[in-house]
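The values are calculated or read from the model by the stated rules, or taken from the named source; none is laboratory data. All values derive from a computational prediction rather than experimental measurement. Cβ atoms come from the backbone with ideal geometry, glycine included; neighbour counts cover every protein chain shown. Quick note on the areas: whole protein, heavy atoms, side chains included, nothing else; ligands and nucleic acids left out. Shrake-Rupley method; radii C 1.70, N 1.55, O 1.52, S 1.80 Å.
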Amino acid sequence: MTEKTIDYDTLGITPSHLYEQMGYHDVEPDEATCHETAVVMEEVRSFLRPRFCYLVVKDLPTFDMGKIILRQLRGAEAYALFICTSGVEFEAYQQQLKKKGDMVRVYIADALGSVIAEHCADQMEDCLQESIEKLGWHHTNRFSPGYCGWHVSQQQLLFLVFDGHTCGVRLTDSSLMVPIKSVSGIIGLGPQVKHLDYTCGLCDFQNCFKRKLKLT
């Protein structure tokens, strides 16, 4: 298993990434929002410890991923199962903001947590690709339980594979991850697989936030 802790600056998060997550796609936020966003980003920088881990396996557990994901994994010779998280430190920070009742910063931190988790997953993909480069292999897009017809309850099976080594992430009885700003899933590996730039056309989940961003 590969496991790594990274720092905030390695994530390469800019205010623009956060503004887009907050819904500011073509307009600049007002001065007050920009100021509060900068404060939250600076506070987080000092303590944030995002983590990722992944396992490469030849044979999959008995996942029921649905035809959309299975079609994208076709031709894979191995699979990377992964968990990425913004970390327990960030979760604690969010709880502190909620106790203070600072709802503006709660909203900003919620958006930032999502960006952190996604950028952490991007770092995981880069690390994974580097490890398979010598084989002449490529990797598919990453696919997570809860999307593209893969039921979120399948997280229970995915986490079992890690035998407790889950970067500090645990599952609730309803299969939600804690810290909530975490990402898990699967990536196909092999010389014949492809990473697609745009995948919303493959998925039939109409309420996905990524689909809404694309439409906007």
- [ ] Just give me the residues in the stretch 151-187 being aliphatic (A, V, I, L, M), farther than 25 Å from E77 by Cβ and surrounded by 14 or more Cβ atoms within 10 Å (Cβ to Cβ), in sequence order.
- [x] V152, V169, L171, M177, V178, I180
Open item on the list: Looking at Y19 and the list (1) touching a helix residue (DSSP H, G or I) at 6+ places or on another chain (Cβ under 8 Å); (2) assigned to a loop (DSSP other than H, G, I, E, B); (3) open to solvent by 20 Å² or more (accessible area, probe 1.4 Å), which single condition is not satisfied?
Closed with: (2)
Open item on the list: Of everything in the stretch 156-174, what is in contact (Cβ under 8 Å) with a residue 40 or more places away in the chain, part of a loop (DSSP other than H, G, I, E, B) and over 16 Å from I187 (Cα atoms)? Give them in sequence order.
Closed with: H165, T166, C167, G168, V169
TODO: Assess whether V40 counts as being farther than 30 Å from G188 by Cβ and either at pLDDT below 95 or surrounded by 13 or more Cβ atoms within 10 Å (Cβ to Cβ) (or both).
DONE: yes
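Condition check ((1) open to solvent by less than 40 Å² (accessible area, probe 1.4 Å); (2) at pLDDT below 95) across all residues:
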position	(1), (2)
H35	no, no
P50	yes, no
C84	yes, no
G101	no, yes
V104	no, yes
I108	yes, no
L112	yes, no
I116	yes, no
E125	yes, no
- [ ] Kindly provide the set of residues from the stretch 41-93 that are among the aromatic types (F, W, Y) and out of contact with any Gly (no Cβ under 7 Å at 6 or more places or on another chain), ordered by number.
- [x] F47, F52, Y54, F63, Y93
